[in-house]
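K.L.:
One structure is given below, represented as structure tokens, and several questions about it will come after.
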Amino acid sequence: MSAQVQSRRKTVRDIAAAKGATPLVCLTAYTAPVAELLDERCDVILVGDSVGMVIHGLPTTVGVTLEMMILHGQAVMRASKQAFVVVDMPFGSYEASVEQAFMNASRIMKETGCQAVKIEAGEYAAATVRYLVERGIPVMAHVGLRPQATNVDGGFKAKGRTDAERDRVIAEAVAADQAGCFAMVIEGVAEDLAADITARVRCPTVGIGASVTCDGQILVTDDLLGMFAWTPKFVRRYADLRAEIGKAVDGYASDVRARRFPGEKETYTLKKGP
Ligand code: KIV
């Protein structure tokens, strides 16, 4: 063993310790270069099924496959050393039965080497959370606005507008917590509901469009970098990469058309061999 200090990956214990403490910093990554940049800056990297919309141009996350999640999970794991990496279980890979969920979750864990999976946990999914956790698979739950259910909801709609809907979100959060999830994403709810859930559950909550009252925050990295013309209300853009990339490509295109690129500096001058 070398005397060098080994950087170790965060574990479920580190994530659990964030309950009521310094907020967890969580972001999405789908590729090796982005994972490498996020690794030392984030507690949790989520290989979200948002990859379908962000990278593959799908209209929703419903079309994302297990193979896509595994491929992107492998890229993120190769490029990260210390962040806790969670891979989303895509629509259709865990809802049919607890056995189906275990088969596919264990495949994700084995083939990517990630630390946990995430499932969109309606109350019905509590049995799945318990089944996976008892068999060695840490589960992050996802409650509130569940993007995989947008076909039932009629779009991406914030949750908790009626008492009945509010009670349903609380019930799904409490059920997932009692079933043993180590953390939960709360998406698209008002501040009072997020605060209520955060106070009720034992595990840390990670908000996206769910106010500052959660135990951590997550955003889609491409949203905060300003890669899209439109972003939801809850996104804060920390950069305008869309404009930067546009400027860079315009510069390249006009240089190519005017034969200013490649120049002398970018051109090989090879000595002739014997
Ligand atoms: O798929 C995803 O990126 C997510 C986050 C937005 C929480 O589930």
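K.L.:
From a point 7 Å beyond the Cα of Glu99 in the direction of its Cβ, which residues of the stretch 115-145 have a backbone N at a distance under 20 Å?
P.N.:
125-137
K.L.:
Grab the beta carbon distance between Ile245 and Tyr124, set R0 = 41 Å, and tell me the FRET efficiency rounded to 0.05. Could the numbers behind the result be given before it?
P.N.:
On the way: r = 42 Å, r/R0 = 1.03.
Once the sixth-power term is evaluated, E becomes 0.45.
K.L.:
Angle between the Cα long axis of helix 66-79 and the longest principal axis of the chain, 0 to 90 degrees, nearest 10?
P.N.:
Roughly 60 degrees between the two axes.
K.L.:
Quick check: pseudo-label points 7 Å beyond the Cα along Cα→Cβ at Asp163 and Arg259, how many nm apart are they?
P.N.:
Taking the two extended label points, one gets 7.9 nm.
K.L.:
Still on this structure, please answer the following. If you fit an axis through the alpha-carbon atoms of helix 191-200 and take the longest principal axis of the Cα set of the chain, what angle between them do you get, 0 to 90°, nearest 10?
P.N.:
60 degrees
K.L.:
Which of the listed residues, Gly136, Cys203, Val185, is farthest toward the dipole's positive end in the stretch 63-214, when Lys, Arg count +1 and Asp, Glu count -1 at the beta-carbon?
P.N.:
Gly136
K.L.:
Find, to one decimal place in angstroms, the Kirkwood hydrodynamic radius of the chain, where the mean of 1/r is taken over every pair of different Cα atoms and then inverted. Numbers along the way, then the final one.
P.N.:
Working: mean 1/r = 0.0500 Å⁻¹.
Its Kirkwood hydrodynamic radius stands at 20.0 Å.
K.L.:
Here's a follow-up. Treating only the Cβ of Lys, Arg, Asp and Glu as charged (+1, +1, -1, -1), what charge dipole size does the chain show about its Cα centre? Round to the nearest 20 debye.
P.N.:
Numbers: 32 positive and 33 negative charges, 200 e Å.
That gives a dipole near 960 debye.
K.L.:
Using only Cα atoms, find the angle between the long axis of helix 98-112 and the longest principal axis of the chain, and express it within 0 to 90 degrees, rounded to the nearest 10.
P.N.:
Rounded to the nearest ten degrees, it is 30.
K.L.:
Continuing with this model, one more query. When only Cα pairs under 8 Å and 6 or more residues apart are kept, what is the percent relative contact order across the stretch 12-240?
P.N.:
With pairs under 8 Å counted, the relative contact order is 19 percent.
K.L.:
Now for a separate question. Using 0.36 nm times the number of residues separating Phe156 and Ala21, minus their current alpha carbon distance, what extension gain do you get?
P.N.:
Computed gain between Phe156 and Ala21 is 45.5 nm.
K.L.:
At 7 Å along Cα-to-Cβ for each site, give me the label-to-label distance between Thr31 and Thr267 in nm.
P.N.:
Result: 3.1 nm between the two label points.
K.L.:
Given the Cα-Cα distance of Ser106 and Asp192 and 0.36 nm per residue of separation, how much length would full extension add, in nm?
P.N.:
Values: separation 86, 0.36 × 86 = 30.96 nm, distance 3.61 nm.
Gain on extension, Ser106 to Asp192, equals 27.3 nm.
K.L.:
Taking the chain as a Gaussian network, Cα atoms linked when under 10 Å apart, which of Gly57, Gly180, Gly209 shows the biggest mean-square fluctuation?
P.N.:
Its mean-square fluctuation being the largest, the pick is Gly57.
K.L.:
What ratio of Cα Rg to 2.2 N^0.38 Å holds for the stretch 1-135?
P.N.:
Working: Rg = 15.3 Å, N = 135, 2.2 N^0.38 = 14.2 Å.
That works out to 1.08 for the stretch 1-135.
Values quoted throughout were computed directly from the atomic coordinates according to the rules given, and no laboratory measurement underlies them. Source: prediction; values computed, not measured. No Cβ is skipped: glycine too gets one built from the backbone with ideal geometry, and neighbour counts run over all protein chains shown.
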